[in-house]
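To keep things clear, I will list the structure first and then write my remarks on it.
The values are calculated or read from the model by the stated rules, or taken from the named source; none is laboratory data. All of these numbers come straight from a predicted model, not from anything done at the bench. All Cβ positions, even for glycine, are placed from backbone atoms using ideal geometry, and neighbour counts span all protein chains on display.
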Amino acid sequence: MTGLDLLESNKRNLLIGGTWRGARSGERIEVIDPADGSVLTDVADASTDEAVEALDAAVAAQADWARTPPRERGEILRRAFDLLTERADDVAHLMSLEMGKPVAEAKGEVGYGSEFFRWYSEEAVRIHGRWMQAPAGGSRLLTVRKPVGPCLFITPWNFPLAMGTRKIGPAIAAGCTMVVKPASQTPLTMLALAAILEEAGLPGGVLNVVTTSSTGELSSTLQADDRLRKVSFTGSTAVGRTIVAQSADRLQRLSMELGGNAPFLVFEDADLDAAVDGAMVAKMRNMGEACTSANRFLVHSDVAAEFAEKLGRRMGALTLGRGQDDGVDVGPLIDEKALAGVSRLVADAVHDGATVVTGGSAPDGPGFFYSPTVLVDVPPGSAINTEEIFGPVAPITTFDTEAEAIERANDTEYGLASYAYTRDLARTIRLAESLDFGMVGVNTGLVSNPAAPFGGMKQSGFGREGGFEGIEEYLETTYVALPAD
Ligand code: NAP
């Protein structure tokens, strides 16, 4: 089985209350292959009424699910982890078809994404409150942890599996039910994941999946419903702001995983080859279409020329192509708009005075491809340094002092990931404490780890996914006062 065969055609539909079905209107949303712009298949286009039905199902399932023993909840997650692991090749192929990334990379995402299920299968049985004596004696203070209740999850197209599992895993472990709205461009992986969870024994109604082209209407309608207790969103800061505003009337709990503008600092004492290796990961993971993607390369002026030359050589040697073909390193961008955005940022940077070391254009032919690109002499104020590039472009600027590097790194409205290469331990400590980012990768280009708290500050959002912190997003605390006498 490969790719589309994994997802039976009756499951390219809505999952509501344990039943797979098409939209009543019969409307469908086309899923496009970004490697050539052709139509791969289609999925149901739900109305807002059908989204409300999905919430009805989540609400109906909530009480029983919260009472289901934690061990049972954990074991369902563990079985889903095993199934994902067994079917990693097929799931990766399906993901590659709809999203464009090379199959090997998609397989990496299946490994990363499924680990959230394994981690939270282990955490489900470690939810506990506390019992303490009041400081003045007398009464006892008891805390009870409870699931938040029905949740809405909205996920982006760039990591179609992992952006779901890091919400679904802790929610299942905590005893929450949910409505999931995957990105319209990559719904197939999420539907395949839902089918796997069903096979793993997840009761109907706990996880409902709604695909729709009326996304804004879905979120405003569900957020206006008192029964919805939490929204976890991963996507752009612009949409995140809308969801935060919509939460105000009902004071819904929120987790916001939004955009980034990661600095990648290379100091004069860095192991330059290791820095180039790390840059390739931090920049080229997911073709640069990652919130954690290195966006601004800040390199000490003593080593900048050598770093640019080495990075240019590595980037220039990458092979572009359809993600399902052998030997491909870099797939297409997600769509025409993404390609136009990356092309504009590079053209503006060159207009502002940047020099192209390698790449700098889109190759001829079908699909939304952009050549891996390295730019030097990029003026700090150029749009490519302030906007999220979301593509395979590495703009390099130089600095002379550590203080300047830190100031420029922090000079962004975002605060998600950052990276630094240095062999100086004292500097590492100063950087960890002064970089205003939720994550700092020191001498590594990869910060994501299911056991670590992933998340941002400033306009990159709030809340954490993964680690011990991730389950807290799905738990409420009730404090019980007990007189001891
Ligand atoms: P996006 O346009 O914000 O879309 C993300 C999701 O939001 C999609 O499911 C989309 O649905 C939905 N959406 C669109 N308009 C909405 C509205 N008015 N109300 C509610 N939902 C709405 O972002 P994107 O372009 O897919 O993803 C890229 C962005 O995500 C980047 O900024 C990236 O940095 C960020 N991201 C952040 C993280 C993190 O963990 N911090 C991880 C990955 C990506 P439709 O597909 O139906 O439009």
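Some points to look at:
- Test: residue in segment 245-252 that is near the ligand (Cβ under 10 Å from one of its atoms), in contact with a helix residue (DSSP H, G or I) (Cβ under 7 Å, 6 or more places away or on another chain), part of a helix (DSSP H, G or I) and in contact (Cβ under 8 Å) with a residue 24 or more places away in the chain: yes
- Test for residue 322: is it in a loop (DSSP other than H, G, I, E, B) and either away from the ligand (no atom under 14 Å from the Cβ) or among the β-branched types (Val, Ile, Thr) (or both): yes
- Residue identified as farther than 28 Å from residue 314 by Cβ and surrounded by 22 or more Cβ atoms within 10 Å (Cβ to Cβ) among 441, 455: 455
- Pair list, Cβ < 6 Å and 6+ apart or interchain, from segment 309-336 residues that are closer than 22 Å to residue 96 by Cβ and in contact (Cβ under 8 Å) with a residue 60 or more places away in the chain to residues that are of a type in the set (Lys, Arg) and surrounded by 20 or more Cβ atoms within 10 Å (Cβ to Cβ): 323/101; 331/101
- Checking every residue in segment 398-409 against the condition of being under 21 Å from residue 306 (Cα atoms), surrounded by 22 or more Cβ atoms within 10 Å (Cβ to Cβ), of a type in the set (Ser, Thr, Tyr) and touching a residue at least 60 places away in the same chain (Cβ under 8 Å) gives at least one match.
- Pairs with Cβ under 7 Å, 6+ apart, first in segment 218-242 and over 19 Å from residue 171 (Cα atoms), second of a type in the set (D, E, K, R) and not in a helix (DSSP H, G or I): 218/181
- Conditions (1) touching a residue at least 60 places away in the same chain (Cβ under 8 Å); (2) within 16 Å of the ligand (Cβ to nearest atom); (3) out of contact with any Cys (no Cβ under 7 Å at 6 or more places or on another chain); (4) under 27 Å from residue 68 (Cβ atoms): number failed by residue 180: (1)
- Condition broken by residue 231, with the remaining ones in (1) aliphatic (A, V, I, L, M); (2) within 12 Å of the ligand (Cβ to nearest atom); (3) part of a helix (DSSP H, G or I) satisfied: (3)
- Among the residues of segment 104-114, not a single one is in contact with a strand residue (DSSP E or B) (Cβ under 9 Å, 6 or more places away or on another chain) and of a type in the set (Ser, Thr, Tyr).
- Within segment 426-485, the set of residues being away from the ligand (no atom under 16 Å from the Cβ), out of contact with any helix residue (DSSP H, G or I) (no Cβ under 7 Å at 6 or more places or on another chain) and not in a helix (DSSP H, G or I) comprises 468, 476, 477, 478, 479, 480, 481, 482, 483, 484, 485.
- Number of the condition not met by residue 166 [criteria: (1) in contact with a strand residue (DSSP E or B) (Cβ under 8 Å, 6 or more places away or on another chain); (2) under 20 Å from residue 82 (Cβ atoms); (3) more than 14 Å from the ligand (Cβ to nearest atom)]: (3)
- Residues in segment 79-136 that are assigned to a loop (DSSP other than H, G, I, E, B), farther than 20 Å from residue 323 by Cα and touching a residue at least 60 places away in the same chain (Cβ under 8 Å): 127, 129.
- Qualifying position, being touching a residue at least 12 places away in the same chain (Cβ under 8 Å) and either surrounded by fewer than 24 Cβ atoms within 10 Å (Cβ to Cβ) or among the acidic types (Asp, Glu) (or both), among 293, 343: 343
- Comparison of 415, 391 shows that the only residue that is within 13 Å of the ligand (Cβ to nearest atom), in contact with a Leu (Cβ under 7 Å, 6 or more places away or on another chain) and modelled with pLDDT of 95 or more is 391.
- The set of residues in segment 297-329 being among the basic types (Lys, Arg) and under 16 Å from residue 268 (Cβ atoms) consists of 310 alone.
- When every residue of segment 261-283 is checked against the conditions, at least one turns out to be touching a Ser or Thr at 6+ places or on another chain (Cβ under 6 Å), within 16 Å of the ligand (Cβ to nearest atom) and not aliphatic (A, V, I, L, M).
- Scanning segment 384-409 for residues that are farther than 16 Å from residue 293 by Cα and either assigned to a strand (DSSP E or B) or of a type outside the set (D, E, K, R) (or both) yields 397, 398, 399, 401, 403, 405, 406.
- Pairs, first under 24 Å from residue 247 (Cβ atoms) in segment 141-165, second part of a strand (DSSP E or B) and of a type in the set (Gly, Ala, Ser), C-beta under 6 Å, six or more apart: 153/232
- Per-region count, segment 253-280, residues part of a loop (DSSP other than H, G, I, E, B) and among the small types (Gly, Ala, Ser): 3
- Flag if residue 374 is β-branched (Val, Ile, Thr), outside any loop (DSSP other than H, G, I, E, B), away from the ligand (no atom under 16 Å from the Cβ) and surrounded by fewer than 23 Cβ atoms within 10 Å (Cβ to Cβ): no
- Scanning segment 192-220 for residues that are near the ligand (Cβ under 8 Å from one of its atoms) and part of a helix (DSSP H, G or I) yields 215, 216, 218, 219, 220.
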